[in-house]
Amino acid sequence: MVQLSPPPDTNNVITDPVLITATLDVQGMKCAGCVSAVERQLTQNQGVVSACVNLVTEVAVVKYQEGEIEPQTLAEKLTTRGFPSQVRSSADSFRASARLTAAQRHQQAEREQIWGLSVAAILLFFSAIGHWGHISGQPVPYLSNIWFHWALATLALLVPGRHLIVDGWRSLRHGMPNMNTLVGLGTCSAYFTSFVALLFPNLGWECFFDEPVMLLGFILLGRTLEGKARHRASAALEALVSLQPAIAYLLGKPDQIDQSGIEIPVEQVRVGEWLKILPGEKIPVDGIVTAGASTVDESLLTGESLPVLKQVGHNAIAGTINQSGVLVIEATRIGEDTTLAQIIASVEEAQTRKAPIQQLADTVAGYFAYGVMAIALMTFGFWEFLGTRLFPAVLTVSMGHHLTENMTEMEPMMAMNPTLLSLKLAIAVLVIACPCALGLATPTAILVGTGIGAEQGLLIKGGDILEKTQQLTTIVFDKTGTLTRGHPQVTDCLTFNGWDQTQLLQLAATVEQGTNHPLAAAILEAAKLKEIRLLEAQNFYTEPGLGVKAQVNDQILLLGNEIWMIQHQVEMSSDYQPQLNVLLQSGKTLVYVALNDQLIGILVLQDQLRPDAQRTVQRLQDLGLETVLLTGDQSLVASAIAEQVGIKQIFSQVQPAQKVAKIQALQSSGKTVAMIGDGINDAPALAQADIGISLRGATEVAMETADIVLMRSQLSDIVAAIDLSTATVKKIQQNLIYALGYNIVAIPIAAGVLLPHWGFFLSPAIAGGLMALSSIIVVTNSLALRRQIVNS
């Protein structure tokens, strides 16, 4: 009897969960504490793997497991917690309607800020006149009335301060206290203390209704200025988004051309349709020029200041500006697939991804509000129960005001009530502490830095990348298409065993039809120039970095480097080796051609060095960086190229899989490595390197894998990226030092540390003004990065 084994239990097979990325637009965040709270709210949901929130751009990027939770659910939960949120469509950044909605939202928020500030300024004006009248000893009629000051303070809390107080209370109720919570506690404490003094004059307490009015005025002024500065920090991204036109001029499809054309929304354009672009108009989609000639301004996309001539057959990029003539293009990429859309997406992602230095700041800020409230309570307790007894003279330091018997005017008093002093100091602690500065220190600098990079043709894909770039110690270059132009040409054809050059080129070009490589393009171009008819081939096989194989007329044809020949046991004669060495030493590349394991010829190709290759290598070495050449080409070719550019360390005849091992070896020796490449075979090494750098025009795999894309395809931009990274990190460090130093110094002063010996303490209004100023200083310092880069 045969015993059958049970079928495998497929129910127990463990598969990796599918991760999906969603982007949420989140409003209502005021400080780094809010950022920490939003991230905590998101990651607490089942299925959410990670969440990254940016305070400046008001964006949350969430990675979640498919089927576990929906982005809309996350948005609704955040909204109920006081952070109005909505899920962003992947194409929203590129649709005119979405941009209009975002702009309207920003304008509405700005109008509300200005309106609230205007009301607060009017109230502050009348409060200041009345307050100055008391200080000068010449009370102003009506404005000196205490009930009038009560009315001003009440209006300040109910009108311009209402949103601030409500938001602060809601955040506190949900266990997520923020900046508004601290300010709300401070203003309300000052108001109700003064109100108690007003109702019960026999207590001898001071009325300071001017404090909440001044405090809110300073806070709202700071918020308005900070908002404008933050908007300026995102100007580079908005400039990129604004490049996308809303309208396209459609001629139709090639077989249905309507010379008159019609205007349609750009999102309705389809691949293959023909579009007309008049002088002065923006090109709406990526395409190929099919008619006309004109110069095109590509400066905002590539950083190239000079106009670029576009003729039939040239590529046109969405968002670039047609300058002089009429162009007709055939759409090849539309919507979010265009170069412009991908740049915008990369810049947005870069501004969302956090630099490592920001993680610590956000973690500290998440507990900041709790710490400040605890310090405020301790401040009150100390001065109420101990401080005024140890230092009784502090009660006569500040001039206060108390009510006269008729409760309509106030007069000076010399001694302050201990409870009032304790409360004032506690309020000052609440409002002087500034988690905003801590939260803005890194993202504003990253926002400005990545924006400057985009303007200069540096597509940097993350704040973490921007921070790490200045830590590089070693730069590894690929050869073909990186140090060289990537457009080699066939210069010679060496033939053996009775084959002629035309036959050799015909066979080689036939095989190269099945691959995509600069050398293949050169061989095909050479065959085309000689009008050589290609043969039919089958069973194409490509081994990146080595060669190709195909079947031609029932015969096996091999094309590749020497290692590829050796692997297939092709007999290699040494008779012609001296001649080959001369070619290799001049920097030329050899492509061997074998038919049925017999070498029939060698194609000699030469690629020109990039004009800035030698200068770039020298500048990198002047910065103290080690430069390395890593190539699959033969050692003599690699040595010739390395000598021309000044590179000493060379790894040649390295297969694609071995490139990763070489990068790992450099990293294991303690080096921080950047890899610069452009081909499919470079992608694994780009991914392994600490920073992967690709040039525009590289293969899509290389560009997607790279952390930095040089949009101008100029090697000198590597130095520009390092300089930008260094300058940005310095700004981040300056911001964090200031933000931390400000709170470390300001909070003890507000708590009265200088009061016993120097008789100095901060009123709540002055403390609020300093808090507002601290955020403005951080944002302004980040904006100064642009001026620094431009002037350098």
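The values are calculated or read from the model by the stated rules, or taken from the named source; none is laboratory data. Please read these numbers as outputs of a predicted model, since none were measured by experiment. Heads up, the Cβs are rebuilt from the backbone with ideal geometry, glycines too, and the neighbour counts pull from every protein chain shown. With ligands, DNA and RNA removed, areas are computed over all heavy atoms of the protein, side chains included. Shrake-Rupley method; radii C 1.70, N 1.55, O 1.52, S 1.80 Å.
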Whole-angstrom gap from the stretch 649-667 to the stretch 670-700, using each part's C-alpha centre: 12
Pairwise centroid distance, computed over Cα atoms, of the stretch 446-483 with the stretch 591-610, Å: 35
Ordering of 556-567, 477-488 by burial proxy (mean other Cβ atoms within 10 Å per residue, highest first): 477-488, 556-567
Förster radius 45 Å - calculated FRET efficiency between residue 687 and residue 571, Cβ distance, rounded to 0.05: 0.75
Label-point gap, in nm, between residue 18 and residue 110 - each point 7 angstrom along Cα→Cβ: 4.2
The stretch 506-601: proportion of alpha-carbon pairs further apart than 18 angstrom, %: 46
Centroid-to-centroid separation of the stretch 714-792 and the stretch 17-46 [C-alpha atoms, Å]: 26
Packing-based order for 533-546, 638-651, 284-297, using average beta carbon neighbours within 10 Å, highest first: 284-297, 638-651, 533-546
R0 of 51 Å, Cβ-Cβ distance residue 271-residue 50: FRET efficiency to nearest 0.05: 0.90
Contact order normalised by residue count of the stretch 15-70, Cα under 8 Å, 6+ apart, percent: 45
Percent accessible area from carbon and sulfur atoms, the stretch 465-555, protein chains only, probe 1.4 Å: 42
Relative contact order, percent, the stretch 486-528 [alpha-carbon distance under 8 Å, six or more residues apart]: 48
Label zone at residue 597 (point 7 Å along Cα-to-Cβ), backbone N below 13 Å, the stretch 518-556: 556
Residue 169 - accessible surface, heavy atoms, 1.4 Å probe, Å² rounded to 10: 150
Fully extended contour minus Cα-Cα distance, from residue 370 to residue 166, at 0.36 nm per residue: 71.6 nm
Length-normalised contact order for the stretch 620-673 - Cα pairs under 8 Å, 6+ apart - percent: 32
Spacing of the two label points (7 Å from each Cα toward its C-beta) at residue 668 and residue 199, in nm: 7.6
Diffusion constant of the stretch 663-739 at 20 °C, which comes from Stokes-Einstein with the Kirkwood Cα-pair radius and 1.002 mPa s, µm²/s: 159
Pair residue 608, residue 539: separation of 7 Å Cα→Cβ label points (nm): 4.1
Most to least packed among 369-376, 674-681, 627-634 [average Cβ atoms within 10 Å]: 674-681, 627-634, 369-376
Greater than 27 Å apart at Cα, pairs in 77/468; 63/730; 228/730; 662/730; 461/588; 276/530: 77/468; 63/730; 662/730; 461/588; 276/530
